[in-house]
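Working notes, structure below.
The values are calculated or read from the model by the stated rules, or taken from the named source; none is laboratory data. Being a predicted model, the structure only gives us computed values, none of them experimental. Cβ coordinates were reconstructed from backbone atoms using ideal geometry, including for glycine residues, and neighbour counts include every protein chain displayed.
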Amino acid sequence: MENALIVLFGLTMLYISAASRIKAHIKMLSCQGFLLFLICYFTVEKMHLLNFIFLAFETLVVKSFLIPLFLTKILRKNEVHRDNEQHIPNFYSLVLSSTLLFAGFLLSNIHYQAFDGINPIYFGVSISVIIISLFLITARQKVLTNVIGFISMENGIFLLSLSVAKEMPMIVNMGALLDIFIVVFILGLLINKINEAFEDLNVSNLCDLNDCECDD
């Protein structure tokens, strides 16, 4: 069951790669948070109860509810519904993301003996999710989709940390949670300010804020 949930977590990145509707991306972030909670639940015997309670709060409340709710509020306020100006079309993004995810599965199965005490599928899927997220950040134009890509990357890092959940101290969880809050709220303010100054939320507008020149 645990492996099936991890596979589903990886497949959410394929949906994000193929979809242009930002609302769909936010729904996938919520789905990722819920899947991370289920993964924590099925590995509860490997961690202390207090650590599990905190992880459950971080995944079920923060990742699957609060952050998507905050991003949805920004989406409605700025009336940005699609990102149709990607540097790479959705089809090619889907093909590349599928290749990266398959490479992650292949890597985890070929070198499974190197993962002593760690489920290799954790490593393969999490590394694939991190790389796919970095790719989507560079391929998408809207600031909001870049924020979603960053949160997806953090979810991949969180999944990787779950592979050693028994060794992960509480302070690491608190640091990850604080990092999410700071980045999402600061970028939320940034998105609102850009929307007040420009007609859309393209990343290229950041160049104008920095007084630099952008190539068309």
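When R140 is tested against (1) touching a Gly at 6+ places or on another chain (Cβ under 8 Å); (2) at pLDDT below 80, exactly one condition is not met: (2).
The residues in the range 82-94 that are surrounded by 14 or more Cβ atoms within 10 Å (Cβ to Cβ) and either modelled with pLDDT of 75 or more or among the charged types (D, E, K, R) (or both) can be counted, and the count is 5. When the range 3-29 is limited to residues that are over 10 Å from the mean Cα position of the chain (by Cα) and of a type in the set (S, T, Y), the one that is surrounded by the fewest Cβ atoms within 10 Å (Cβ to Cβ) turns out to be Y15. Selection of the range 95-111 for residues being modelled with pLDDT under 80 and not polar (S, T, N, Q) yields L107, I110, H111. For the range 69-104, the set of residues classified as within 19 Å of the chain's Cα centre (by Cα), part of a helix (DSSP H, G or I) and basic (K, R) consists of K73 only.
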